[in-house]
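The block underneath contains the structure these notes are about, expressed in structure tokens.
The values are calculated or read from the model by the stated rules, or taken from the named source; none is laboratory data. The structure displayed is predicted, hence computed values, not measured ones. Ideal geometry is used to build each Cβ from the backbone, glycine not excepted, and the neighbour counts take in all protein chains shown. For the accessible areas, the whole protein counts, side chains as well, though only heavy atoms, and no ligand, DNA or RNA atoms are used. Shrake-Rupley method; radii C 1.70, N 1.55, O 1.52, S 1.80 Å.
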Amino acid sequence: MIKAEIREKEWLEGVYERICTKMLSTAGRNRHTLPYTAKDGVFNDLSRKDPCWWTNGFWGGILWQLYHATKNEMYREMAEEVEDKLDQCLMDHRGMDHDSGFRWLPTSVVNYRLTGNEKSYNRARLAADNMAGRYNPAGRFIRAWNDWGEEKKTGWAIIDCMMNLPLLYWAHEQTGDPRYLRIATDHADTAMKYFIRPDGSAKHIVEFNPETGEYIRSYGGQGYAHGSSWTRGQAWALYGFTLSYIHTKNPEYLACAKRVANYFLANIPDTGLIPVDFRQPEDCALEDSTAAAIASCGLLEISGCLEGRERSLYRDAAVTLLYTLDTKRCDWDEGRDSIVQKCTAAFHDAEHEFPIIYGDYYFIEAIWKLTGHEIFIW
Ligand code: GLY
């Protein structure tokens, strides 16, 4: 915890400078790539291998945040190249899923906002329309994923999708068409009712009967097990409900975001480092730094919606999480790609604790929020 305000300010300015320095070298080495993870300090490139992967907007988001802060044209050119690459996905029904917000908000929507680029507007509208087409009116949810071979996912919804809703809020703002708003708020209401447990923890996956909308069951998904508490899912819920509040001003969403945030904060271990699942076995020390970075962004936005003691409580909690990441989990070596270390995609994957692009994205976004450099993407 950084107590004195002056020390916090110095620390933040220092992190901001370190990010700018490291990202200038990193971007220079990765001019034409679409990174997802890094191995031995080298980013991979999904441009050809997996152009539809759900994380492919985050590199664009990092570049736009850097461009907004520094006005270095290299970042804008690189971000536009990322956006071009995503067109392969827009043209492939197998690649389009519920994650359109993650892919086109940090790319096309930002580009359109900053430059008025009509091509970007077109892409973002197509992505929003595709996402709206995944709405299930019986269950009032947006369907997650596509079928995996024979395995049908028609009635599945996931908590992560709360972060995609701002693409529909954006489309509503642009067009005035109430269908976008209705689909987004229906999904948020359904998620509030069926995903958030009374203690403020969130389920990852819920299956509904796609014909009748009836609740069937939940799944542990990327967390430890059924009934557990996958920390990145908690972070998506915390930030996602806050965003729905920001876009609609429905106080129920803010109350829900606070419930999830309070649960998250109450379960942070003494180390300040975030496990993959708050309910993983005690002898399991697996971490996921992305949950810390995402939750920090959400906590800062909750703080911005509140006054007085509550305002500082959530802000201080975010600063503490970020300070812990900086001092214990960030790699500041300019010769190596990726900043945030020890990220985990899913508890039961074969590999854990490696750098993942959205760990860097949300860490940068949070530091940008605190230093006044952010372009608000969601
Ligand atoms: N949205 C997928 C994940 O968080 O891994």
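Accessible area per residue of the chain at 1.4 Å probe, in Å²? Please report the intermediate quantities before stating the final value.
Values: 15010 Å² over 378 residues.
Averaged over the residues of the chain, the accessible area is 40 Å².
Specify which residue in the list C284, A237, G304 is farthest towards the positive end of the charge dipole of the stretch 195-312, using unit charges on the beta carbon of Lys, Arg (+1) and Asp, Glu (-1), about the Cα centre. Result: G304, furthest along the dipole toward the positive end. Applying a 4.7 Å cutoff between beta carbons, the unpaired cysteines of the chain are C20, C161, C256, C284, C297, C305, C330, C343.
Spread over its residues, the convex hull of the C-alpha atoms of the stretch 161-218 is 89 Å³ per residue. The gain in end-to-end length when the E351 to D199 segment is fully stretched comes to 51.7 nm, 0.36 nm per residue minus the alpha carbon separation.
Could you list the residues of the stretch 190-228 with an amide nitrogen less than 19 Å from a label point located 7 Å from the Cα of D147 in the Cα-to-C-beta direction? The answer is 207-213, whose backbone nitrogens lie closer than 19 Å to the label point. Measuring nothing but how far apart in sequence close Cα pairs (under 8 Å, 6+ apart) lie, relative to its length, the stretch 231-310 scores a relative contact order of 42 percent.
Run the numbers on the chain and let me know its relative contact order in percent, using alpha-carbon pairs under 8 Å that are six or more apart. Numbers along the way, then the final one.
On the way: 701 pairs, mean separation 68.2, N = 378.
Relative contact order here is 18 percent.
Kindly identify the chain as rounded, prolate or oblate by the Cα gyration tensor criterion: order the square roots of the eigenvalues as a ≥ b ≥ c, call it rounded if a/c is under 1.5, otherwise compare a/b with b/c, prolate if a/b is larger, else oblate. Rounded.
Remark: the R29-A266 segment gains 81.3 nm on full extension, using 0.36 nm per residue and subtracting the alpha carbon distance. Distant-in-sequence amide contacts of F141, defined by a placed amide H-H separation under 5 Å and a gap of 5 or more residues or a different chain, comprise N136.
For the stretch 255-378, carbon and sulfur atoms together expose 46% of the accessible surface, with a 1.4 angstrom probe and every protein chain in place. Computed per residue of the chain from DSSP H runs no shorter than four, each worth -39500 (n - 2.57), the mean residue ellipticity at 222 nm is -16500 deg cm²/dmol.
Taking the protein heavy atoms of the stretch 125-166 in the context of the full set of protein chains, the accessible area attributed to carbon and sulfur is 51 percent at 1.4 Å. Across all Cα pairs in the stretch 302-378, the calculated P(r) in 5 Å bins from zero up to the longest distance comes to 3, 13, 19, 21, 19, 12, 7, 3, 1, 0 percent per bin. Shown here for the stretch 305-358: GluC sites (Glu not before Pro) in loop regions (DSSP other than H, G, I, E, B) with at most 16 other Cβ atoms within 10 Å, namely E307, E334, E351, E353.
Below 8 Å between Cα atoms, with a sequence gap of 6+, how large is the relative contact order for the stretch 162-275 in percent? If you can, show how the numbers build up before the last one.
Values: 147 pairs, mean separation 27.5, N = 114.
With pairs under 8 Å counted, the relative contact order is 24 percent.
Basic side chains Lys and Arg get +1 at the Cβ, acidic Asp and Glu get -1 at the Cβ, and with that the dipole of the chain about its Cα centre reaches some 660 debye.
Backbone amide hydrogens, once placed in the peptide plane, bring C343 within less than 5 Å of S289, E353, F354, I356, excluding anything fewer than 5 places away on its chain.
The Cβ shell under 12 Å around I294 holds other residues with a net charge of -4, Lys and Arg each +1, Asp and Glu each -1.
For the listed residue pairs K153/K203; K49/K342; K71/K328; K9/K369; K119/K369; K22/K71, the alpha carbons are over 19 angstrom apart in K49/K342; K71/K328; K119/K369.
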